[in-house]
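The structure under discussion appears below in the form of structure tokens.
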Amino acid sequence: MGGEMQTPSKPKGVRRKRLPAAARADMQRTRQVARHEMALGLMSMFRPLPDGAQRREVRIEQKFAGGLVRIMGVEMSQLEQGVFLALLAIAARGGSLKTALDAGLLPGLPHQNAPKDAKPEQNIAGAAQTIEIKTSLAELCRVAGLSDRPGSNTRESVRLAFQRLAMITVYAEGGNGAWGITHLIAGAIGRGDEAGSVVARLNPRSTAAALGGRSYAPISMPDYRSLPTPTARVLYAWLCSWFAGRTGARLIGLDKLEGHVFGAIAEDRRRRSERRAQIKRALEAIQNCGSQFNCAILGEQASITREFEPGVEPELLVRRAPDTDTPSAGQSPHEKNPVQVAATSSSSAVLRADRLHCSENQKDKKTGQTGEEFAT
């Protein structure tokens, strides 16, 4: 199709041959589907940052099911997204459960992302269930689609990505004022063995989604890995959450897609034009990778249609479990039972599926390794 997408009057797609339904159903058992919790999936915390980019501190809020979820932390790249989605996919096979307190997921208080004068005993996320998974750097690289050739620095990049993910804190608040805060992940990465042992603990919100206990958007890791650019991968993951549980056609402005993918709309016209071109190429790649999405550019908007193939197991599409983001008395705002999420930062970017407000500061956040154990 050349450098840019065609602009037909109707969305058209080039589809690769589908696997049989039984083979696609087996994707879940082979850890090929990442169950991304809905509120976190709608946030633009992962961005197609260029190598060596200065990372700003960000703050993103998402209103969801009567409650509020807020993450704070340093900007995350598509590399961090791939590692996080790989952890979610691996977690679907199960693991050991413990409380967020015992898992070392609770940040110290006071904290920028918690209410002023917050007390530890007020953080109801401490009793929430979290899942601990054991894997390896080799498997993380494989599921995330990262080259793990001998002599490459991929594993060190994954170690740093793991540490950055552990710096994110997630705060959730219900309509009755109950609140909780945890880190996005915690855990440890070993250095002594060839495979590179990894122990990861997911925040309670992602834990409930990974185990099918709350609404989530499934992200096909084969489709994700097949996409050629960071922009395409970030956009694909966001579209999966935006469409979660639904088929049909939607229109969205290219400026809004830019905001969701890059975190803000560029003020410089040249940069904005470059981003538009990247988004158009990303939509074309998503259309051609064999996913359920058909995409077309219609002027200043993108027309995106999602269709599910008859006979495909619903598990591979989306699970919309009952949601309780507005907790009742004594209930955590992070899941059906106490469940939590995390992030760390200081700017203000409010991104929502239907509307975008963004205001970010330019404060750089330097991160250095603090050892093998993160966010505990």
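For the reader, a short list of remarks on this structure follows.
- Working from label points 7 Å from Cα in the Cα-to-Cβ sense, the Gln301 to Ala277 distance is 2.6 nm.
- Long-range HN-HN contacts of Ser136 with modeled amide H, under 5 Å: Val198
- In the assembled protein chains, Ser226 presents an accessible area of approximately 60 Å² (probe radius 1.4 Å).
- Using the Karplus relation 6.51 cos²θ - 1.76 cosθ + 1.60 with θ = phi - 60°, the per-residue 3J(HN,Hα) values for the range 107-113 come to x, x, 10, x, 9, 4, 9 Hz, with x marking Gly and Pro.
- Once the mean of 1/r is taken over each pair of separate Cα atoms and inverted, the range 103-166 shows a Kirkwood hydrodynamic radius of 14.7 Å.
- Dipole size of the range 149-257 about its Cα centre, with +1 on Lys/Arg Cβ and -1 on Asp/Glu Cβ: approximately 100 debye, rounded to the nearest 20.
- Scattering curve values for the range 139-217, log₁₀ I(q)/I(0), Debye with Cα scatterers, q = 0.27 Å⁻¹: -1.34
- The range 141-218-the range 103-118 distance, computed between alpha-carbon centres (Å): 19 Å
- The 3J(HN,Hα) values that the Karplus relation (6.51, -1.76, 1.60; θ = phi - 60°) gives for the range 78-93 are, in residue order, 5, 4, 4, 4, x, 5, 5, 4, 4, 4, 5, 5, 5, 5, 5, 7 Hz. Gly and Pro appear as x.
- For the peptides 174-186, 46-58, residues were scored by their other Cβ atoms within 10 Å and the scores averaged per peptide; the highest-first order is 174-186, 46-58.
- For Lys134, solvent-accessible area (1.4 Å; no DNA, RNA or ligand), Å²: 140 Å²
The values are calculated or read from the model by the stated rules, or taken from the named source; none is laboratory data. Just so you know, these numbers come straight off a predicted model, no measurement behind them. Cβ coordinates were reconstructed from backbone atoms using ideal geometry, including for glycine residues, and neighbour counts include every protein chain displayed. Only protein heavy atoms, including side chains, enter the accessible area calculation; ligands, DNA and RNA are left aside. Shrake-Rupley method; radii C 1.70, N 1.55, O 1.52, S 1.80 Å.
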